[in-house]
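Here is the structure we will look at, set down as structure tokens.
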Amino acid sequence: MEKEKLSERMTGENLDSLMNLDPRGYGVCRILYDASRRYAGNKSTSMNAAKRLVKILDGKPSSATVLIMTGFVLRPHLMPETDGIVGALLLARALIRAFNITPVLSVNEKNVPAILSTAAVMGLHVYSDIETAQNLPLSFAYITIPVDRIQAEKKTAEITKTLSPELIFATECAGANENGEYHNATGVNMTELESKQDSLFTAYQKKGVPSFAVGDLGNEIGMGALLPHLKKYIPYTDGDGNGIAAATAADTLVTATVTDETL
């Protein structure tokens, strides 16, 4: 094996191993990794995703955009989960630095204060207007998707008419099961709190936009790619509409102990 190929292979394997360390003995990450690796063609999931991402974005103009979707709202305080937001912003910064393109974050309205605060710590500038972000350095834009399903579909129709991302990337983003219901890690129904971002994800998939996803349990957008595996091994996936298991399936999938570890 050539030195470059060996180095690439070992980098991917090492990253996968680090992302799937399980010091608390949770177990889910190991089970998910087995399936996600097979989904990647029995290759390193991190290197597989990285190479596909670079292939799509390399050489794109500065006007190009990437849609990054994230966000859970948690009980009892009805505050955003930090896992996902930090990773999404780290990804946004990396994409700006590496490709000089404009990330656009899609979030629940309740996530916006956390996005603004975290971006400031990372030295990023945030705008609600995409065109403004495209014309300023170290900047990204954000859009919000409503909790109400009908309003989310209307917002999706508006967004897809004006925004044409090179790819969509969902990371720790609340995903609905086959009945359109959202659940937390312990199987509690969270439908009334979660932004209906699945509509945006699937709308772009129908347009042929490449889709990426990162998850650590199975209730995240994109994890439906492993649905039979989820139903067999992961707790709370045997309820109505497959319980917590998300129905949406990403083209490229990465799993880890904690989603933010991948980014």
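The values are calculated or read from the model by the stated rules, or taken from the named source; none is laboratory data. Everything numeric in this text was worked out from a predicted model, so none of it was measured. Every residue, glycine as well, gets a Cβ built from its backbone with ideal geometry; the counts of neighbours run over all protein chains shown.
Specify the residue that is nearest to the chain's Cα centre (by Cα); the eligible residues are those in the range 209-258 that are touching a residue at least 60 places away in the same chain (Cβ under 8 Å) and at positive phi.
Applying the filter and picking the extreme gives G218.
If you scan the range 192-234, which residues turn out to be assigned to a loop (DSSP other than H, G, I, E, B) and of a type in the set (A, V, I, L, M)? Spell out how you get there, then give the answer.
At the first step, the residues of the range 192-234 found to be assigned to a loop (DSSP other than H, G, I, E, B) are 192-197, 207-210, 216-219, 221-222, 234.
Passing the criteria: L193, V209, L217, I221, I234.
Can you report the number of residues in the range 6-46 which are in a loop (DSSP other than H, G, I, E, B) and under 19 Å from A213 (Cα atoms)? Before you say what the answer is, go through the steps one by one.
First pass over the range 6-46, keeping only residues in a loop (DSSP other than H, G, I, E, B): 20-27, 40-44.
Next cut, under 19 Å from A213 (Cα atoms) only: 20, 40-44.
Within the range 6-46, residues that are in a loop (DSSP other than H, G, I, E, B) and under 19 Å from A213 (Cα atoms) number 6.
Filter the range 49-71 down to residues that are touching a Phe, Trp or Tyr at 6+ places or on another chain (Cβ under 9 Å) and outside any strand (DSSP E or B), then give me how many there are.
So the count comes out to 10.
From the list Y127, Y39, which residue is surrounded by 14 or more Cβ atoms within 10 Å (Cβ to Cβ), farther than 19 Å from I221 by Cα and modelled with pLDDT of 95 or more?
Among Y127, Y39, only Y127 is surrounded by 14 or more Cβ atoms within 10 Å (Cβ to Cβ), farther than 19 Å from I221 by Cα and modelled with pLDDT of 95 or more.
V254 fails exactly one of the following numbered conditions: (1) out of contact with any helix residue (DSSP H, G or I) (no Cβ under 7 Å at 6 or more places or on another chain); (2) at pLDDT 95 or above; (3) not polar (S, T, N, Q). What is the number of that condition?
Failed condition: (1).
Kindly establish whether L193 is touching a Leu at 6+ places or on another chain (Cβ under 8 Å), under 19 Å from G84 (Cβ atoms) and surrounded by fewer than 18 Cβ atoms within 10 Å (Cβ to Cβ). Quick ask: steps written out before the conclusion?
On the way: touching a Leu at 6+ places or on another chain (Cβ under 8 Å): yes; under 19 Å from G84 (Cβ atoms): yes; surrounded by fewer than 18 Cβ atoms within 10 Å (Cβ to Cβ): yes.
Yes: the conditions hold for L193.
Which number in (1) under 28 Å from S199 (Cα atoms); (2) hydroxyl-bearing (S, T, Y); (3) at pLDDT 95 or above marks the one condition that T11 misses?
(1)
Could you check how many residues of the range 159-191 are in a strand (DSSP E or B), closer than 16 Å to T144 by Cα and not acidic (D, E)?
Just the residues of the range 159-191 that are in a strand (DSSP E or B), to begin with: 168-174, 183, 189.
Applying the additional criterion that residues be closer than 16 Å to T144 by Cα yields 168-174.
After this cut, where a residue has to be not acidic (D, E) as well, the list is 168-171, 173-174.
Going through the range 159-191 one residue at a time, the tally reaches 6.
Considering (1) at pLDDT below 95; (2) crowded, with 19+ Cβ neighbours inside 10 Å, say which one F140 fails and leave the rest.
(1)
When residues of the range 1-36 are filtered for being more than 20 Å from L227 (Cα to Cα) and either surrounded by 12 or more Cβ atoms within 10 Å (Cβ to Cβ) or in contact (Cβ under 8 Å) with a residue 60 or more places away in the chain (or both), how many remain?
First, pick out the residues of the range 1-36 that are more than 20 Å from L227 (Cα to Cα): 1-19, 21-25.
After this cut, where a residue has to be either surrounded by 12 or more Cβ atoms within 10 Å (Cβ to Cβ) or in contact (Cβ under 8 Å) with a residue 60 or more places away in the chain (or both) as well, the list is 8-19, 21-22.
Going through the range 1-36 one residue at a time, the tally reaches 14.
Can you spot a residue in the range 212-221 that is more than 25 Å from V66 (Cβ to Cβ), at pLDDT 95 or above and of a type outside the set (G, A, S)?
Our first condition is that a residue be more than 25 Å from V66 (Cβ to Cβ); within the range 212-221, this holds for none.
Scanning the range 212-221 turns up no residue that is more than 25 Å from V66 (Cβ to Cβ), at pLDDT 95 or above and of a type outside the set (G, A, S).
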